[in-house]
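Single-structure report; data block below.
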Amino acid sequence: MTAYLNIYDEATVKPWCNSRANEKKAWQSIALLDTHVDPLQAMQDAAQFGIRYVLIGICEDIGPRANVGNGGAQDGWQAFVKRFLNQPDNQFLASDKVLLLGEVDVADLTLAASSLSNQHPRQLEQLRDLCAQLDQRVEQVLSLIFTAGLEPIVIGGGHNNCLGIIRALSKHKNNPINAINFDPHADFRDCEGRHSGNGFRYAYHEQRLNNYHIIGMHELKNNQAIIDALAAANFNYDSYQSLQVRREKTLSDACQQALQNLTDAPLGVEVDLDSISLMPVSAYTNCGFSVSDAEHFVHLAASQTNSHYLHLCEAAPNQHPSGLQAGINDAGQIICALTNAYLQARENVKSV
């Protein structure tokens, strides 16, 4: 059950941690898993001692490349984790309820994908086969977390990883789940082989997705077949143009109205970081939402009693116009802010 999980220990984390006199950092409160005990048992034990949230990274860009997109999403997790560990630990964040678990092991898949080009049909097919293998690993690791009664915060990689998360939660609950997605793309392309653009379509096809709502879907970045497929599934969206251009309703109203229709099943909170203007991502944009808009979305969705996870994907630090280091700085700061928004909101509600 744990063949595809790289568990962090103190030796792994220590090089990322900084100290300052008279200041307690988050890493001094965050828990690590006991590597001498079966991981499921160790997580169940952690839950008994007050741990509620699990940070898990996915360092891959196979999904975006299989979607004929840019690489770089493998660096989002590392940009985040160093920033998160070194933020101050104070009364406003429940760092002592957070477990830093580690990463889904994707090393062999990454190596197999490294020489493949998404511009050659046969190699594109191979990338999509590798993405399907990745789905199975993500599902396996997330199943452990849900079985232990903990809430995962999944960071890094492409939006393809939503499928493994949705499968794991749906199977754990023995029912299809709901999802709300802050994203200019519906990720509802045809089931043409797995990639970052069709995770929700596969989840729906497998009867793992009960209801789905996209906030900020761009009217001109989704083809007609996608829009028709959403309508056929009776899934809804509030477009970027309706919220930001025509200003037909506020972001708050759109989120709250959508969430009122997503209370009948466990809820997944999804954020594709390419919804944010100037964010270093696989699909860089100047025409998106602000960081504070994304934080507000996360706050509202995480404030629902039926929320069960947060998924932050598609950050690609190497896509920053000023280079990799600037991208690491921006991506780390923004992913950290969204994670904090989730943690703060969850501490103010009682989950079900």
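The values are calculated or read from the model by the stated rules, or taken from the named source; none is laboratory data. The model shown is predicted, which means the values in this text are computed figures rather than measured ones. Note: ideal-geometry Cβ built from the backbone for every residue, glycine included; neighbour counts use all protein chains shown. The area values use the complete protein model at the heavy-atom level, side chains included, leaving out ligands, DNA and RNA. Shrake-Rupley method; radii C 1.70, N 1.55, O 1.52, S 1.80 Å.
Given (1) in a loop (DSSP other than H, G, I, E, B); (2) farther than 21 Å from ARG346 by Cα; (3) open to solvent by 10 Å² or more (accessible area, probe 1.4 Å), identify the lone condition not met by GLN41.
Here GLN41 clears every test but (1).
Kindly list the number of the only condition in (1) within 20 Å of ALA283 (Cα to Cα); (2) part of a loop (DSSP other than H, G, I, E, B); (3) open to solvent by 20 Å² or more (accessible area, probe 1.4 Å) that fails for PRO184.
(3)
Would you pick out the residues in the range 266-282 that are surrounded by 21 or more Cβ atoms within 10 Å (Cβ to Cβ) and within 23 Å of ILE328 (Cα to Cα)?
Within the range 266-282, GLU270, VAL271, ASP272, LEU273, ASP274, SER275, ILE276, MET279, PRO280, VAL281, SER282 meet the criteria.
Give the residues of the range 9-37 that are touching a residue at least 24 places away in the same chain (Cβ under 8 Å) and either of a type outside the set (A, V, I, L, M) or surrounded by fewer than 14 Cβ atoms within 10 Å (Cβ to Cβ) (or both), sorted by residue number.
Of everything in the range 9-37, those that are touching a residue at least 24 places away in the same chain (Cβ under 8 Å) and either of a type outside the set (A, V, I, L, M) or surrounded by fewer than 14 Cβ atoms within 10 Å (Cβ to Cβ) (or both) turn out to be ASP9, THR12, TRP16, CYS17, ASN18, GLU23, LYS24, LYS25, TRP27, GLN28, SER29, THR35.
Of the residues that make up the range 55-68, is at least one within 25 Å of GLU314 (Cβ to Cβ), touching a Pro at 6+ places or on another chain (Cβ under 6 Å) and modelled with pLDDT of 95 or more?
yes
Collect the residues in the range 188-210 that are outside any loop (DSSP other than H, G, I, E, B) and of a type in the set (A, V, I, L, M, F, W, C), keeping them in residue-number order.
Within the range 188-210, PHE200, ALA203, LEU209 qualify.
Give the residue that is farthest from LEU127 (Cα to Cα), with candidates limited to residues of the range 57-76 that are part of a helix (DSSP H, G or I) and open to solvent by less than 20 Å² (accessible area, probe 1.4 Å).
This residue is GLY76.
Restricting the search to the range 274-297, which residues are out of contact with any helix residue (DSSP H, G or I) (no Cβ under 7 Å at 6 or more places or on another chain), within 19 Å of TYR342 (Cα to Cα) and not charged (D, E, K, R)?
Residues satisfying the conditions are SER290, SER292.
So HIS213 ticks every box in (1) in a loop (DSSP other than H, G, I, E, B); (2) in contact (Cβ under 8 Å) with a residue 40 or more places away in the chain but one. Which box is left unticked?
Condition (1) is where HIS213 drops out.
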